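Participant: Below: one structure in structure tokens.
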Amino acid sequence: VRPFTYERAQSVEGAVEAAARPGARYIAGGTNLLDLMKADVERPTHLVDVGRLPLGEITETPEGGLRLGALTTNSQVAGDPRVRSRYPVLAQAILAGATQQLRNKATTGGNLLQRTRCPYFYDVSKPCNKREPGAGCAALGGLNQSAAILGATDACIATHPSDMAVALTALDARVEIFTTAGASVLPIGDLHRLPGDAPERDTDLPTAGLITGVVLPPPPPPERQIYRKARERASYAFALVSVAVAGDAVALGSVAHKPWRAARAEAARTAGASPADAMTAELETARGYGRNDFKIKLAARLGAAALEATKKESGE
Ligand SMILES: Cc1cc2nc3c(=O)[nH]c(=O)nc-3n(C[C@H](O)[C@H](O)[C@H](O)COP(=O)(O)OP(=O)(O)OC[C@H]3O[C@@H](n4cnc5c(N)ncnc54)[C@H](O)[C@@H]3O)c2cc1C
Ligand code: SF4
């Protein structure tokens, strides 16, 4: 690990000011950032520890939803009785990820901003445009079974690995942000970005933007919510493909550089298409890169199964 300085933030305003310094980074649970620092992928010169800020509560909102403070842990959110009963898709997504020990440390804000698991991103001996803009993309002709099938460019075919973010996308969550210019709110669909020709940028978060919370709108009926995840082994593995259904909303995970809102499938369902036909419509523009070609069929089948399950359970 390269040398760095460290400070513990005492206030949201102080954290944002400290993080505006060149080379500074926030650290929350540290379960992703520290691994990346050890692998020499991330090289912050100053860490701003936000772990003790008062952002660890889950509260009711006046509109009938819930607000998750950015420092709520994944275990806390998945175990909260209000989340379990009103937002089962979110609890299921979180519990499908990582391990209990990791979920005890991992935070809501950090989970959203975790970086891709593309193997070449972690291997500093290989070219990677995300790590080093202009270097090339080793995944294009390499081990790309986990790569994107939607919205990718030849600059980067990496996927966003978070399970939680997929459920939050289907739930139309809003992300609260604080910067030196003050507070703002971003729909979750506008937080992460597609790679275009600048894959080094994962999100459209403003410089030194601190996520302070995530707001869940009032929930769709619980029986119309489900999270399904396909992975190489039954636990402790990132998704090959995942799907979240929340009411009429559908989102796919591990298929693109960002959690993928399946707008075509949603429109097709509204027009009366079957779950299978709706997913076929969604994946019309999908493209494989060799070893990940199987993900197109997998996404179609997993999505259709999830839609079937919520259809049956809601008595449709
Ligand atoms: C072995 C292993 C298996 C895993 N399996 C899964 C899985 O199956 N599914 C899954 O979804 N995840 C999985 N994870 C990832 C895990 O969920 C993330 O590492 C974790 O959620 C990150 O949260 P954190 O608080 O530790 O973030 P940190 O590591 O502290 O930070 C991550 C990033 O977010 C930034 N950041 C943190 N908090 C804020 C904030 N409030 N505002 C702005 N920026 C912030 C940091 O600067 C950093 O860039 C796995 C991780 C490991 C190590
Ligand atoms: S897919 Fe993206 S993260 Fe992976 S090697 Fe290519 S540029 Fe890097």
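Participant: Within the stretch 6-27, restricting attention to residues that are in contact with a helix residue (DSSP H, G or I) (Cβ under 7 Å, 6 or more places away or on another chain) and open to solvent by less than 40 Å² (accessible area, probe 1.4 Å), which residue is nearest to ligand 2 (Cβ to nearest atom)?
Facilitator: I27
Participant: Continuing with this model, one more query. Any residue in the stretch 96-119 that's within 16 Å of ligand 2 (Cβ to nearest atom): show its pairings with residues that are assigned to a helix (DSSP H, G or I) at Cβ separation under 8 Å, as long as the two are six or more apart or on different chains.
Facilitator: R115/L36; R115/F121
Participant: Please work out if A306 is part of a helix (DSSP H, G or I), open to solvent by less than 40 Å² (accessible area, probe 1.4 Å), in contact (Cβ under 8 Å) with a residue 40 or more places away in the chain and not β-branched (V, I, T). Working first, answer last.
Facilitator: Values: part of a helix (DSSP H, G or I): yes; open to solvent by less than 40 Å² (accessible area, probe 1.4 Å): yes; in contact (Cβ under 8 Å) with a residue 40 or more places away in the chain: yes; not β-branched (V, I, T): yes.
When the stated conditions are applied, A306 passes them.
Participant: Checking G142 against (1) without any contact (Cβ under 8 Å) to a residue 24 or more places away in the chain; (2) within 13 Å of ligand 2 (Cβ to nearest atom); (3) open to solvent by 30 Å² or more (accessible area, probe 1.4 Å), which test does it fail?
Facilitator: So G142 meets the others, but not (3).
Participant: For the subset of the stretch 168-178 comprising residues that are open to solvent by less than 20 Å² (accessible area, probe 1.4 Å) and outside any helix (DSSP H, G or I), which member is nearest to G247 (Cα to Cα)?
Facilitator: L171
Participant: Please give the strands (runs of 3 or more DSSP E) falling wholly within the stretch 182-289 in which 2 or more residues are closer than 30 Å to R52 by Cβ, open to solvent by 10 Å² or more (accessible area, probe 1.4 Å) and of a type in the set (G, A, S).
Facilitator: Values: elements: 182-187, 210-216, 225-230, 241-246, 249-253.
Ranges flagged: 182-187.
Participant: Specify which of the listed residues (V124, V50, V83, V77) is more than 22 Å from R228 (Cα to Cα), buried (at least 22 other Cβ atoms within 10 Å of the Cβ) and either within 11 Å of ligand 2 (Cβ to nearest atom) or not hydroxyl-bearing (S, T, Y) (or both). Please lay out each step first, then the result.
Facilitator: Details: V124 fails: buried (at least 22 other Cβ atoms within 10 Å of the Cβ); V83 fails: more than 22 Å from R228 (Cα to Cα); V77 fails: more than 22 Å from R228 (Cα to Cα).
After ruling out the rest, the residue left standing is V50.
The values are calculated or read from the model by the stated rules, or taken from the named source; none is laboratory data. No experiment lies behind these values; they were computed from the predicted model shown. Note: ideal-geometry Cβ built from the backbone for every residue, glycine included; neighbour counts use all protein chains shown. All accessible areas refer to the heavy atoms of the entire protein, side chains included, with ligands and DNA or RNA removed. Shrake-Rupley method; radii C 1.70, N 1.55, O 1.52, S 1.80 Å.
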